[in-house]
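A.B. asks: Quick one: structure below, then a few questions.
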Amino acid sequence: MKQANACLPPDSLTGAIMAMEGIRDAAVLLNGPTGCKFYHGAIVEGQLPRESSFDPLQFLEEFYFGQPRVPATYLDGDDYVFGASAKLERILPTVAAKGHSLIAVVNSPGAALIGDDLNRFIQAANLDIPCVAVESTGYSGTMEEGFQEAVIQTLRTLKPQQKKSLERTVNLLGISIFQKHWEGNIAELTRLLALCGVNVGAVVCAGSSFEEIMAMGNSQCNVMVHEELGGRIAEWCESRLGLPTMRPINGAPIGFDRTEEWVRGVCRAVGVSPQPAIEAIDQARIRGVTYIQRLNSLTGLPKGATFAVRAPVSIALPLTQWLHDYLGMAPAAVDLTDADSPLMPEMKEVLNRAGALDALGVTDFSGVDMVFADGASLAQIPNPEGMMTGVEIALPTMGYIDVVHKCLLGAQGTLHLIEWIVNALRDC
């Protein structure tokens, strides 16, 4: 039987590229073979589009290979023996001419073994825009490790400084363009904070500009969204920029209670009242209850329906808690992609209260009523007669293109979850 976690998770190279391409006006220059380029070039343009046309004839110049993003030095056998000096000397001015505000030169794992001094080439190019060298993203690290290392290296190189103090302004940490519905999530969290008079300065390496990143030190504090993508970055900002961090103890703001808890934490950190956002969350609760009660009156569901989750702990923890405590669903399998998370004790406590501690680490999702996971995992689950319903909450996807922003976080994200659940279970 195929297992739900049979696909390989994204690695640290992917994390580093997503971090740097997550800066809206930055570009990644990949020092590596074309095999490392095409997937990443397609993903970043799909997740954060910059070009209105995908006509490959518009990007035929050297290093681009028909894609507008992630130009590469296309290393071959000779380059691994003699070095890639000639290509690095040509590619830097070519990419700089595109009008970016920042260039990140990222080594693929193989290129890191060659020993080319990226900083030397950057200095020799004498460009008018700042450049960051990411010499190594790690050879077997996770996407989250590569993401954080690239962000810290960028902040260390750029040295953002506090020039003025912006009250009631926060930065969001721990969001990546490699996440499903990342733009909708940011929009929802920004909406809730704006109701309380709190502004979002920079969403670090997830849609903010180079200028916003450089000004992040002006904010009053950082706010954590996903611990696995921001924990080390928060520590660096605390020690180097003097920016404190509001870190939720129960993971990301998924579900009404965790969203309210997150908003209260942010408002407490900046000294404002959370009441306007709490009222908006309560209005969403009322709307959600209406549809849940209709489903329950007809079918008795969602209470008693089984579910499985495959996700980082920052998502799996609040999602499992909400599905069980709020909807009465039963956890059958919880497969965590970052089992060393500092949120693990809380995850075990939630499952223990549900009498389902044995669900932790289960990877066989067959026979479960609803599965919340990435598209690749969902595609591998045996599903005779369409008995299982899958909800994509992470990349890679099965190809559905979201034109309208959707979200998983906040009050609106919780209503989206209710919508998916009600539609999945109404015919059971």
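A.B. asks: Per residue, how much accessible area does region 148-276 have with a 1.4 Å probe, in Å²?
C.D. replies: Computed with neighbouring chains in place, this is 36 Å² per residue.
A.B. asks: Right, something else. For region 299-428, what is the accessible area per residue in Å², given a 1.4 Å probe and the full set of protein chains?
C.D. replies: Accessible area per residue, region 299-428: 42 Å².
A.B. asks: Please give, to one decimal in nm, the separation of the simple spin-label points placed at E349 and Q161, each 7 Å out from Cα toward the Cβ.
C.D. replies: The two pseudo-label positions are separated by 4.3 nm.
A.B. asks: A further question follows. In nm, to one decimal, how far is the E211 label point from the N423 one, both placed 7 Å along Cα→Cβ?
C.D. replies: Each label point is offset 7 Å from its Cα along the Cβ direction, giving 3.9 nm.
A.B. asks: Where the only charges are on Cβ atoms (+1 Lys, Arg; -1 Asp, Glu), what is the dipole of the chain about its Cα centre, to the nearest 20 debye?
C.D. replies: Computed charge dipole of the chain: roughly 1040 debye.
A.B. asks: Sorted by packing (mean other beta-carbon atoms within 10 Å per residue), highest first, where do 10-22, 153-165, 393-405 land?
C.D. replies: Order by mean packing, descending: 10-22, 153-165, 393-405.
A.B. asks: Separate question: Keeping all protein chains in the complex and leaving out DNA, RNA and ligands, what accessible area do you get for H324 with a 1.4 Å probe, in Å² to the nearest 10?
C.D. replies: 50 Å²
A.B. asks: Rank these residues by their accessible area, most exposed first, probe 1.4 Å: F372, F82.
C.D. replies: Output order, biggest surface exposure first: F82, F372.
A.B. asks: Within the chain, count lysine pairs with alpha carbon atoms under 30 angstrom apart where the residues are 8 or more positions apart or belong to different chains.
C.D. replies: The number of close lysine pairs in the chain is 20.
A.B. asks: When the accessible area of the chain is split by element with a 1.4 Å probe, what percent falls to carbon and sulfur?
C.D. replies: On the way: 9430 of 18030 Å².
Here it works out to 52 percent.
A.B. asks: Nothing charged except the Cβ atoms of Lys and Arg (+1) and of Asp and Glu (-1): what's the magnitude of the dipole of region 1-116 about its Cα centre? Round to the nearest 20 debye.
C.D. replies: Using only the charged Cβ atoms, the result is roughly 320 debye.
A.B. asks: With each pseudo-label sitting 7 Å past Cα toward Cβ, what's the A339-F82 distance in nm, one decimal?
C.D. replies: Computed distance between label sites A339 and F82 equals 4.8 nm.
The values are calculated or read from the model by the stated rules, or taken from the named source; none is laboratory data. Being a predicted model, the structure only gives us computed values, none of them experimental. Please note: Cβ atoms are built from the backbone with ideal geometry, for glycine as well, and neighbour counts cover all protein chains shown. To get the accessible areas, we keep the full protein, side chains included, count just its heavy atoms, and leave off ligands, DNA and RNA. Shrake-Rupley method; radii C 1.70, N 1.55, O 1.52, S 1.80 Å.
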